Amino acid sequence: MEQAGQYVMVFIETAGLFAPLIFISFHLLRPLFFVPVVFICVSGGILFGAFAGTLYSLIGITLSSIVFYLIVQWAPKTLQRFVNLRKRLLKNTEFTTTQIAVLRLIPFIHFHLLSLCLLELSRNFKDYAKASIVSNIPIAFVYTTLGQWISTLSPLFVLIILLLFIPLIYVLRRKEIIIKWQDFSKLPHKGEESGQKG
């Protein structure tokens, strides 16, 4: 997956005047290759700089959102599967467009799951398109700017930053408590606790 993304980025660098068009097209093909939106936005900052990269990423992400809208309108069974998945993952939580814009900044949340939340908020295509543009601006700007900033750093500095992230990954890991059945059966139950107090 990452190698495919790197090959595409090298191809875009050598494309000359067609580079922005290829970059925007790659946003549309991104779901097929399972490449994260963040990776493409950061690459846009490295390739085009903050301003142009943000503009191209915003166009590409918004077109990707519109293609998602058209696909789910064309395939209602697929839409129902997405809705069921959203209900399982997010329960009955309803988000505002601003909340979705903030959630899009979190790389681990699926982009089109949030597009589905926008779809449920919208009355028609025009509302959906406006909400998509508004919610896509922060992710395009933040990660493209990050990409331009990374491109100005020395490789040694980038390596040091990556090494500093290792303890953070350990601290933020998923924590689970495993209780053996024997230990669990020894815990006092509610009835036993009230009986001891009386």
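The values are calculated or read from the model by the stated rules, or taken from the named source; none is laboratory data. Predicted model, so just to flag it, every value in this text is computed and none were measured. Glycine also receives a Cβ, built like all others from the backbone with ideal geometry; neighbour counts cover every protein chain displayed.
Of the helices (runs of 4 or more DSSP H) contained entirely in region 37-104, those carrying at least 2 residues that are among the β-branched types (Val, Ile, Thr), in contact (Cβ under 8 Å) with a residue 40 or more places away in the chain and buried (at least 17 other Cβ atoms within 10 Å of the Cβ) fall at 37-48, 50-74.
Would you mind telling me which numbered condition in (1) under 17 Å from the mean Cα position of the chain (by Cα); (2) touching a residue at least 12 places away in the same chain (Cβ under 8 Å); (3) exposed (fewer than 15 other Cβ atoms within 10 Å of the Cβ) residue 108 fails? (2) is the only condition that residue 108 fails. When region 25-36 is examined, which residues are found to be more than 15 Å from residue 139 (Cα to Cα) and part of a helix (DSSP H, G or I)? Selection gives 25, 26, 28, 29, 30, 31, 32, 33. Tallying residues that are at pLDDT below 90, within 24 Å of residue 54 (Cβ to Cβ) and part of a helix (DSSP H, G or I) within region 144-161 yields 9. Report whether or not residue 183 is among the charged types (D, E, K, R), in a helix (DSSP H, G or I) and at pLDDT 85 or above. No; evaluated as a whole, the condition is false for this residue.
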